[in-house]
1. Which one of these is buried (at least 16 other Cβ atoms within 10 Å of the Cβ), of a type in the set (S, T, N, Q) and within 17 Å of PRO2 (Cα to Cα): THR24, THR91, THR59?
2. Inspect segment 12-34 for any residue being touching a Ser or Thr at 6+ places or on another chain (Cβ under 9 Å), among the small types (Gly, Ala, Ser) and either free of Cβ contacts under 8 Å to residues at least 24 places away in the same chain or not in a helix (DSSP H, G or I) (or both) and give the result as yes or no.
3. Testing ASN77 on (1) assigned to a helix (DSSP H, G or I); (2) surrounded by fewer than 14 Cβ atoms within 10 Å (Cβ to Cβ); (3) without any contact (Cβ under 8 Å) to a residue 24 or more places away in the chain, one condition comes back false. Which one is that?
4. Of the residues that make up segment 53-62, is at least one within 22 Å of HIS25 (Cβ to Cβ) and in a helix (DSSP H, G or I)?
5. Before we move on, is ARG112 exposed (fewer than 15 other Cβ atoms within 10 Å of the Cβ) and not in a helix (DSSP H, G or I)?
6. Kindly indicate whether any position in segment 39-47 is exposed (fewer than 14 other Cβ atoms within 10 Å of the Cβ), over 30 Å from PRO114 (Cβ atoms) and either of a type outside the set (Lys, Arg) or touching a helix residue (DSSP H, G or I) at 6+ places or on another chain (Cβ under 7 Å) (or both).
Amino acid sequence: MPTKRPLIRFRDIVENGQSILEYTHGMDFDAYSVSKITRDASERCLARISEASFKLGSTAEEIFPSHNWGAIRGFGNMLRHEYDDILDETTWAIVTRHLPPLLFELETFLARYPEDQETL
C-alpha cells in the first residue's frame, strides 16, 4: 500500500539524489571508480532512493510514468542482496544519466507544494 505521505518520500529521493551529485561533482568515471568512499556513499543514497520508491508504490508511476520505478526498486534490492555483483559502470550510468532527469522532474513537481506539506 502506498505511503500516506508521498511528498516526504519524493523529498527523500531528491535529498539523496542531490547528495550523490554533490559527492560525484567534477568526477569522471575513473575518479569515481577509485574512490571507495564516494562509491559507498553513492550506493547508500541509491539504496535510500530505492526504499523511498518502494514506500511510494504506484504513486510514483502514476505521477512520473516516464521513469523506470521497477528498475529503481530492483537496483535497491541488488544493493542489499547482490552487492558483490554490482558493476561500478552500472552505478555510474545511473548517477550520470538517469538521476539528473529524475531529480529535475521531482524538484519541479515539489516546488508547487509548501515544504511542510506531506500529502497530495
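The values are calculated or read from the model by the stated rules, or taken from the named source; none is laboratory data. In this text, all values refer to a predicted model and were calculated from it rather than measured experimentally. No Cβ is skipped: glycine too gets one built from the backbone with ideal geometry, and neighbour counts run over all protein chains shown.
1. Result: THR59 is the single residue among THR24, THR91, THR59 that is buried (at least 16 other Cβ atoms within 10 Å of the Cβ), of a type in the set (S, T, N, Q) and within 17 Å of PRO2 (Cα to Cα).
2. Yes, some residue in segment 12-34 is touching a Ser or Thr at 6+ places or on another chain (Cβ under 9 Å), among the small types (Gly, Ala, Ser) and either free of Cβ contacts under 8 Å to residues at least 24 places away in the same chain or not in a helix (DSSP H, G or I) (or both).
3. Checking ASN77 against (1) assigned to a helix (DSSP H, G or I); (2) surrounded by fewer than 14 Cβ atoms within 10 Å (Cβ to Cβ); (3) without any contact (Cβ under 8 Å) to a residue 24 or more places away in the chain, the one that fails is (3).
4. no
5. Criteria met by ARG112.
6. yes
Rundown of residues vs (1) aliphatic (A, V, I, L, M); (2) more than 25 Å from ILE8 (Cβ to Cβ); (3) over 13 Å from the mean Cα position of the chain (by Cα); (4) at pLDDT below 95, yes/no style:
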site: ILE37; (1), (2), (3), (4): yes, yes, yes, no
site: ALA41; (1), (2), (3), (4): yes, no, no, no
site: CYS45; (1), (2), (3), (4): no, no, no, no
site: TRP69; (1), (2), (3), (4): no, no, no, no
site: LEU79; (1), (2), (3), (4): yes, no, no, no
site: GLU89; (1), (2), (3), (4): no, yes, yes, no
site: PRO101; (1), (2), (3), (4): no, no, no, no
site: PHE109; (1), (2), (3), (4): no, no, yes, no
site: GLN117; (1), (2), (3), (4): no, no, yes, yes
